[in-house]
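Input: a single structure, listed below in structure tokens.
Since every read-out is calculated from the coordinates, none of them should be taken as a lab result. Computed from a prediction, not measured in an experiment: that's the story for all the values here.
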Amino acid sequence: MRSARHLVCVFMVVLSPVTQRAYAQELSARIVGDAFALDSMEPLYTETHCLSDNALTQDVLYRDMEQELIAHKVLNYASGLLTPSFVQYNFYSQEEIAVALRQEQLVMAVKTADNPEPQEFLFSISKASLPIVIDAGFDNFVIQNWNAIVGGQSKQFQFPFAARETLVDLRISAVRCSYDTEADQCFILRLDNWLIGRLVASIELGYDSNLRRLTRFRGLSNIGDAKGAGQSVDIRYRYDNISEFACSLDDLKLTGSASNTDIGTPHVKDGSS
């Protein structure tokens, strides 16, 4: 179950050379997600999405119910709305995952507590038969294809899957929401690979049908529990009455992790087909 988490958790970019305090002052909270256990509705953690003034970079701060920081992710949209580079560090497992586009290649790196030297994999973008979507880029993919998907078409794209050092084909379709709602339009996200699909359950996404913004995420989380095991969650997103202090990075624990990630140096394997 732990390895399956990497399907969702595969995104982030290196922080620019600026102090954490100065960087924090450029951020403001835009979205907060409250994560509950999918089966019991027990509160698990919160995720605060903080955007820079130019909306080019985004921090996601994950905190448990005691407000302790358990994970930190940084995305950078300079490479495109569908393909943000990212770095994510999980404090429970001391695991770091990074993905970035570099010219005509996608670079994927994974570093664990057992293996502190990052294992890196390269994929040729020119050989991709489907659009490539990285991490939160799926949200822009949904918006760009909204009318077609709601109209009955299904859309495919490729997504980095760190656990198997590969890109996987995903398919998204419109469905009726599994939860009670009068305003949401729901979508189902499935793996096109039947073998990997047996390991990873489908993901349900709920969007406000008028504002076209994400309201629910129901499926496997990119945040493991204290033992490193995967967990299925129901995340409910809110956009109003978000306190500014939620984006403070003063307690950030990324010493020697994301700020030092160097994608594309040794340990590279050719993952292209």
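Summary of computed values
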item	result
Length-normalised contact order for the range 69-113 - Cα pairs under 8 Å, 6+ apart - percent	29 percent
Net length gained if the chain between Asp208 and Glu182 were fully extended (0.36 nm per residue, minus Cα distance)	8.4 nm
Relative contact order computed over the range 75-155 (Cα-Cα under 8 Å; 6+ residues apart), in percent	24 percent
